[in-house]
């Protein structure tokens, strides 16, 4: 059984409920996907509850030296690429926060491509605005928050699988403001070995441009790559039957353009906690393929919504994830972001959630003792109860857990401003 990859140059545990996914989907639809460069100064003046004096990367002069040095080498033409991986929950999956950071840092340091993508829409979840995936058949899917489902989880925190020999999976990228996300290098993260589909790469005229034999694991156990002579905006994966009992299991895709710059990879999973990534069986091994120079981790919101916040378990799960990343990605610096303030439901309506204070303090304490940089979103927002002010200012969603599109864009602008200032201080 073989696949044909047809190319064309044409164009929070829901939070514990399914409503969260629907909300984020609406937020994505309301966002136009274009670069919106936030004016930090006017933002701070307009919203008095924001604390600009806290908008810094804590301990970055000690913990991000390698990352800052690589940015300098990139600027000076001594390096072709700096790879960033941003891991998170529903705040990240929608890619409004991380997408803003991607656009801003690529405008300053160069665009090396859209980076890692997952077909969330095919997995029946909300998808970022910078690309679109579709399929003509239903795929089985799993995200790492559901351990009882049979599919193993890889680098994307999601997995999709089909045995349908008529399946077609298409991916189309969209430009973001001044950033062109067409690509000439396509990498597929997929299952290999006996029982898996093979792949043939086709252009508009010829299906013999290249072949991928999924039975071979010599180069990389989960990765196959194709280089194209013309920049593309669309790939279509098509199945062709030649045997029975085979399937296609996909963990994600990587889109690159071969140009110098930043590759900002987003890995977001609705409802995810630190422990969910720890038990994702192929996550660490596949993550190492991205060769991260900086790993940003934005988790903790969902732990704060547990019946009782277990600080020891939270610390242990955080330590396990960071330790695993460092083991297989020894060249990567680690940057943690604290969860923001939020409210929770009660019989009296929505009330402040003191667990978020505990989660935030735990992240800051861990970063201080484990050589990680930290960005304190909770403090920058205004601290305990500040989500009420964000909601009143139309910067937060009705659940007072997620943010509005503009709220996420603001966060992305603040976060990048902290990175930019830290880098400038390093340069001096």
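What is the calculated FRET efficiency for residue 140 to residue 279, with r their C-beta to C-beta distance and R₀ = 30 Å, to the nearest 0.05? Write down the numbers at each step before the final one.
Numbers: r = 19 Å, r/R0 = 0.64.
Efficiency at R0 = 30 Å is approximately 0.95.
Between residue 132 and residue 149, the simple spin-label model (points 7 angstrom out along Cα→Cβ) gives 2.4 nm. Put a dot 7 Å past the Cα of residue 291, heading toward its Cβ, do the same for residue 227, and the two dots end up 1.3 nm apart. Say a paramagnetic label sat at a point 7 Å from the Cα of residue 371, along Cα to Cβ; which residues of the range 62-87 have their backbone N under 14 Å from it? In the range 62-87, the label zone of residue 371 (backbone N under 14 Å from the point 7 Å along Cα→Cβ) covers 62-67. Using Cα centres only, tell me the gap between the range 108-134 and the range 249-326 in whole Å. Between the Cα centre of the range 108-134 and that of the range 249-326, the gap is 17 Å.
Sorting 293, 312 from the fewest to the most surrounding beta carbons within 10 angstrom yields 312, 293. Each of 374, 247 was scored by other Cβ atoms within 10 Å of its Cβ. Arranged with the fewest first, they read 247, 374.
How would you rank 48-61, 111-124, 396-409, highest first, on the average number of other Cβ atoms within 10 Å across their residues? Intermediate values should be presented prior to the final figure.
On the way: 48-61: 17.1, 111-124: 23.5, 396-409: 21.5.
In descending order of packing, they fall as 111-124, 396-409, 48-61.
Here, each number is a calculation from the coordinates, and none is a lab measurement. For clarity, every value in this text was computed on a predicted model and none was experimentally measured. Because the Cβ atoms are built from the backbone with ideal geometry, glycine has one as well, and the counts that use them run over all protein chains shown.
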